[in-house]
Amino acid sequence: MLLKKDCIHFPGDRPCIPHKTKGIMCNDCKYYVPAGKSILIIKLDAIGDVLRTTSILHSLKKQYPEHRIKWLTRWNAKDLFLNNDLVSDVLIFEDEVLSISLAVESFDVVINLDPSPVSASLASYIKSNKKIGFGLDEKGKVYPFNKEAVEWFEMGAFDNLKKANKKTYQQIIHEICSLPYKKADIILNLNEEEKKFRNDFFKKHKLNKYEYIIGINAGASDRWQYKKWNVQGYKNLLKKILKKYDCAILLFGSGPEDEANKVLKKISESVIDTGMNSLRNFIALMDIPQLMITGDTLALHVATALKKKIICLFGPTSYNEIEDYGRINKVYPEMDCLVCYKPVCDFNPACMDLITDNMVFEEVKKILM
């Protein structure tokens, strides 16, 4: 047969890129790579969790050097994998054709790190010689595939175990996969176009005239409103920062952050709203600040991947589960009910309101000296 249909570059329904761009035929193609062993990672939600889960790829590639790694996620997270050479294919959960192909394709290893019914059902449905993490049984109940996944499974069921946990998320997912944990970084790489977008923004706003550039992400997801710090706290903090330091403040986020950003950008001409951006441009602009101040949300994981200094404010979510990489200063109040993960709180003041601007400003001074 003239066609080498087992090549990883051949999509099946159209010419491959080497043939389309260079006219190369299979019999003399230097790009030919036969499809071999493969791993499928299932991680659908939320986008920040998808990003921090990429930290496992370094260890997986060392453990399975000959395997291609595919990742199944939702469409809103797909751009996180641009320029990520450790993932060969990003499969989109909302793609109707995908459900048909997954019914046929077989993987050597399927890894599902999320004990949600949707992810677990996919993990049970897809064919594989080895399954790690969580599946769905015949009664529609989530269960751990392997004994290493039991601890995380039980943490999700019992609040007292979640509160007592001292392990980071990265350590936990490595242990589920029986991989050595060496604090590998979250993977996020900018391309040249994104770097140009970053540099153009820097020049447009004349940011070179400031000694420091600080980023602020004042929002949180709609699901976890109590992860947000109050606007007055940010307002007081910015005034103190601008009084002591020669700096620009970049405001990040749109939608949930709009209300806070409208208030904060009125404080000074040095406070600049980065506005609404695509995910990749949001990431590119977050490469500008030396210091990022944020809650436990996507901005935290992006800034961590970009190796920024970070001050992160915690209340209802676990500060212990955040790997600090020696770059994250954690701020949280002394309160017995922390790590409650409640979408609605009946305490007044709530935990995030007990964080004062002085508490955060002290951390700023430690970093900027």
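The values are calculated or read from the model by the stated rules, or taken from the named source; none is laboratory data. Everything numeric in this text was worked out from a predicted model, so none of it was measured. No Cβ is skipped: glycine too gets one built from the backbone with ideal geometry, and neighbour counts run over all protein chains shown.
Consider Lys78 against the criteria (1) surrounded by fewer than 20 Cβ atoms within 10 Å (Cβ to Cβ); (2) within 17 Å of the chain's Cα centre (by Cα); (3) in a helix (DSSP H, G or I); (4) in contact (Cβ under 8 Å) with a residue 24 or more places away in the chain: it satisfies all of them except one. Which criterion is unmet?
Condition not satisfied by Lys78: (4).
Return the residues of segment 254-271 that are touching a helix residue (DSSP H, G or I) at 6+ places or on another chain (Cβ under 7 Å), over 22 Å from Asn199 (Cβ atoms) and without any contact (Cβ under 8 Å) to a residue 40 or more places away in the chain; say none if nothing qualifies.
Selection gives Pro256, Val263, Ile267, Ser268.
Any chance segment 214-230 includes a residue that's under 30 Å from Lys244 (Cα atoms), part of a strand (DSSP E or B) and among the β-branched types (Val, Ile, Thr)?
yes
Tell me, yes or no, whether segment 27-45 has at least one residue that is out of contact with any Lys or Arg (no Cβ under 9 Å at 6 or more places or on another chain), assigned to a helix (DSSP H, G or I) and of a type in the set (A, V, I, L, M, F, W, C).
No: segment 27-45 contains no residue that is out of contact with any Lys or Arg (no Cβ under 9 Å at 6 or more places or on another chain), assigned to a helix (DSSP H, G or I) and of a type in the set (A, V, I, L, M, F, W, C).
Can you find even one residue in segment 195-208 that is touching a residue at least 60 places away in the same chain (Cβ under 8 Å) and of a type in the set (A, V, I, L, M)?
The answer is yes; a qualifying residue exists.
Condition check ((1) under 26 Å from Ala164 (Cα atoms); (2) in contact (Cβ under 8 Å) with a residue 24 or more places away in the chain; (3) among the hydrophobic types (A, V, I, L, M, F, W, C)) across all residues:
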{"residue": "Asp273", "(1), (2), (3)": "no, no, no"}
{"residue": "Leu279", "(1), (2), (3)": "no, yes, yes"}
{"residue": "Met286", "(1), (2), (3)": "no, yes, yes"}
{"residue": "Pro289", "(1), (2), (3)": "no, yes, no"}
{"residue": "Phe314", "(1), (2), (3)": "yes, yes, yes"}
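Would you pick out the residues in segment 351-369 that are under 26 Å from the mean Cα position of the chain (by Cα) and not in a helix (DSSP H, G or I)?
Ile355
Could you list, in sequence order, all residues of segment 62-75 that are out of contact with any Gly (no Cβ under 8 Å at 6 or more places or on another chain) and either surrounded by fewer than 17 Cβ atoms within 10 Å (Cβ to Cβ) or among the polar types (S, T, N, Q) (or both)?
Matches in segment 62-75: Lys62, Gln63, Tyr64, Pro65, Thr73, Arg74, Trp75.
Applying the selection to segment 246-267, what residues are in contact with an Asp or Glu (Cβ under 7 Å, 6 or more places away or on another chain) and exposed (fewer than 15 other Cβ atoms within 10 Å of the Cβ)?
If the condition is that a residue be in contact with an Asp or Glu (Cβ under 7 Å, 6 or more places away or on another chain) and exposed (fewer than 15 other Cβ atoms within 10 Å of the Cβ), then Asp246 is the only one that fits.
Among the numbered conditions (1) over 16 Å from Asn320 (Cα atoms); (2) buried (at least 18 other Cβ atoms within 10 Å of the Cβ), tell me where Val150 comes up short.
With (1) over 16 Å from Asn320 (Cα atoms); (2) buried (at least 18 other Cβ atoms within 10 Å of the Cβ) applied to Val150, the lone miss is (2).
Listed here are the residues, each with its yes/no results for (1) touching a Cys at 6+ places or on another chain (Cβ under 8 Å); (2) closer than 17 Å to Thr304 by Cα; (3) free of Cβ contacts under 8 Å to residues at least 40 places away in the same chain.
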| residue | (1), (2), (3) |
| --- | --- |
| Pro333 | yes, no, yes |
| Cys337 | yes, no, yes |
| Cys345 | yes, no, no |
| Ala350 | no, no, no |
| Met359 | no, no, yes |
| Glu362 | no, no, yes |
| Ile367 | no, yes, no |
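Looking only at segment 165-186, count every residue that is surrounded by fewer than 18 Cβ atoms within 10 Å (Cβ to Cβ), in contact with a helix residue (DSSP H, G or I) (Cβ under 9 Å, 6 or more places away or on another chain) and not in a loop (DSSP other than H, G, I, E, B) and tell me the total.
Selection size over segment 165-186: 1.
Take the residues of segment 59-109 that are of a type in the set (Gly, Ala, Ser) and more than 22 Å from Lys183 (Cβ to Cβ): which is modelled with the lowest pLDDT?
Once the filter is applied, the top-ranked residue is Ser99.
In segment 230-249, how many are among the polar types (S, T, N, Q) and over 26 Å from the mean Cα position of the chain (by Cα)?
So the count comes out to 2.
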